[in-house]
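Colleague: Before I ask anything, let me first share the structure, which is written out below as structure tokens.
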Amino acid sequence: MLITGGSRGIGAACATQAAGAGYDICFSYVSNPGAADLVKARCESLGATAVAVKADVSVEADVINLFDVCTSELRTPAVFVNNAGVLGQQGQLADFTAERLAWVVNVNVTGALLCMREAARRMSTDRGGAGGSIINVSSKASTLGSPFEYVDYAATKGAVDSATIGLAKELGAAGVRVNCVRPGPIHTDIHASGGEPDRIARVSKGIPMGRGGEPEEVANMILWLAGTEASYVSGALIDVAGGR
Ligand code: NAP
């Protein structure tokens with residue numbers, strides 16, 4: 001299993017759960033090698049071979065190298081989890097700079113598409129691959145729009161939803177299922193990068209289940225989509241959002 005952004009949050013939960021389920025793991029990080037080392041050690045303690053690769057998903061050469069390292073150190077991924085994503089400080093679109101918009105779009109859209117492209121090239125049976133499963137990590141924000149927080153982020157996740165639908169149709173006959181999970185508010189560091197580490201406490205009253213989710217609850221769905229129990233599931237956008 002190859003996971004982008006596997007060093008923290010949802011990606012890290014996915015890596016450790018998958019390691020416990022018998023997958024060997026290759027994952028990327030971009031800025032925090034210490035966190036990556038911890039995840040690698042946790043995966044290894046669960047019996048997996050684990051490889052951590054520094055790779056910015058918005059840089060084409062990094063993405064190609066990530067897939068190359070996964071293939072040379074382990075094998076061509078059978079499961080690709082397209083998880084890395086960023087958000088900027090909360091605010092209104094009217095106040096956002098062009099630099100901030102470019103950063104969010106580059107990582108969340110261009111990066112996600114570059115990663116999907118590499119996975120498609122290497123996994124499709126009509127291009128010599130062995131087939132498999134791609135799971136994109138979008139957000140419930142794609143349906144809510146994130147007003148007064150980060151409309152740009154929500155829009156990038158709408159793009160991930162659309163790409164999931166299209167790529168599932170392109171790869172359906174090439175042995176690759178393509179699906180998407182849309183988490184609601186999950187307890188990770190990402191809310192601090194938006195400027196409100198305790199955001200979940202504020203938004204919890206708007207979540208029917210009355211609480212934020214844990215990264216492991218998202219990883220559960222990703223692992224299910226990866227496995228044979230989901231053998232006829234493709235093009236699905238699955239909310240893991242407490243009913244939000
Ligand atoms: P997180 O805790 O902030 O972790 C982000 C991960 O992505 C880290 O491993 C980070 O690496 C990596 N990353 C950041 N920028 C990157 C880049 N340019 N290239 C490659 N990797 C990069 O985030 P999270 O909450 O787990 O979010 C994971 C995914 O779930 C994102 O796509 C996010 O949009 C989505 N999501 C999260 C929530 C939520 O409430 N948490 C809700 C809906 C959707 P370093 O450790 O090296 O920095």
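Colleague: Determine whether V233 is surrounded by fewer than 21 Cβ atoms within 10 Å (Cβ to Cβ), within 12 Å of the ligand (Cβ to nearest atom) and more than 22 Å from A12 (Cβ to Cβ).
Modeller: no
Colleague: Yes or no: region 60-68 includes at least one residue that is small (G, A, S) and under 17 Å from the mean Cα position of the chain (by Cα).
Modeller: no
Colleague: Select from region 1-18 the residues that are surrounded by fewer than 24 Cβ atoms within 10 Å (Cβ to Cβ) and more than 9 Å from the ligand (Cβ to nearest atom) and list them in ascending order.
Modeller: T16, Q17
Colleague: Of all residues being free of Cβ contacts under 8 Å to residues at least 24 places away in the same chain and of a type in the set (V, I, T) in region 185-227, which is surrounded by the fewest Cβ atoms within 10 Å (Cβ to Cβ)? Just the residue, please.
Modeller: Only one residue tops the list, namely V203.
Colleague: Specify which of the listed residues (R122, R177, R182) is surrounded by 17 or more Cβ atoms within 10 Å (Cβ to Cβ) and near the ligand (Cβ under 10 Å from one of its atoms).
Modeller: One residue alone meets the criteria, R182.
Colleague: Further, regarding this structure: Has region 8-25 got at least one residue that is among the basic types (K, R), over 14 Å from the mean Cα position of the chain (by Cα) and at negative phi? Walk me through it before giving the result.
Modeller: Residues of region 8-25 among the basic types (K, R): 8.
Now narrow it down to the ones that are over 14 Å from the mean Cα position of the chain (by Cα): none.
Checked against the condition, which is being among the basic types (K, R), over 14 Å from the mean Cα position of the chain (by Cα) and at negative phi, region 8-25 yields no hits at all.
Colleague: Then there's this: What about G158, is it more than 17 Å from T4 (Cβ to Cβ) and not aliphatic (A, V, I, L, M)?
Modeller: In short, yes.
Colleague: State whether the residues of region 38-60 include one that is closer than 27 Å to G213 by Cα, of a type outside the set (A, V, I, L, M, F, W, C), within 14 Å of the ligand (Cβ to nearest atom) and surrounded by fewer than 15 Cβ atoms within 10 Å (Cβ to Cβ).
Modeller: No; the residues of region 38-60 include none that is closer than 27 Å to G213 by Cα, of a type outside the set (A, V, I, L, M, F, W, C), within 14 Å of the ligand (Cβ to nearest atom) and surrounded by fewer than 15 Cβ atoms within 10 Å (Cβ to Cβ).
Colleague: Right, another one. Tell me which of these G172 doesn't satisfy, since it passes every other one: (1) at positive phi; (2) surrounded by fewer than 18 Cβ atoms within 10 Å (Cβ to Cβ).
Modeller: (1)
Colleague: Can you give me the number of residues within region 79-127 that are touching a Ser or Thr at 6+ places or on another chain (Cβ under 9 Å) and hydrophobic (A, V, I, L, M, F, W, C)?
Modeller: Matching residues across region 79-127 total 16.
Colleague: I would also like to ask the following. Going by what's in this entry, would S72 be described as surrounded by fewer than 17 Cβ atoms within 10 Å (Cβ to Cβ), small (G, A, S), modelled with pLDDT of 95 or more and out of contact with any Phe, Trp or Tyr (no Cβ under 6 Å at 6 or more places or on another chain)?
Modeller: When the stated conditions are applied, S72 passes them.
Colleague: Considering only region 22-37, state which residues are touching a residue at least 12 places away in the same chain (Cβ under 8 Å), in a helix (DSSP H, G or I) and either surrounded by 22 or more Cβ atoms within 10 Å (Cβ to Cβ) or out of contact with any Ser or Thr (no Cβ under 6 Å at 6 or more places or on another chain) (or both).
Modeller: Correct list: P33, A36, D37.
The values are calculated or read from the model by the stated rules, or taken from the named source; none is laboratory data. It should be emphasised that the depicted structure is a prediction, and the values quoted were computed from it without experimental measurement. Quick reminder, even Gly has a Cβ in these numbers, built from the backbone with ideal geometry, and neighbours come from all protein chains shown.
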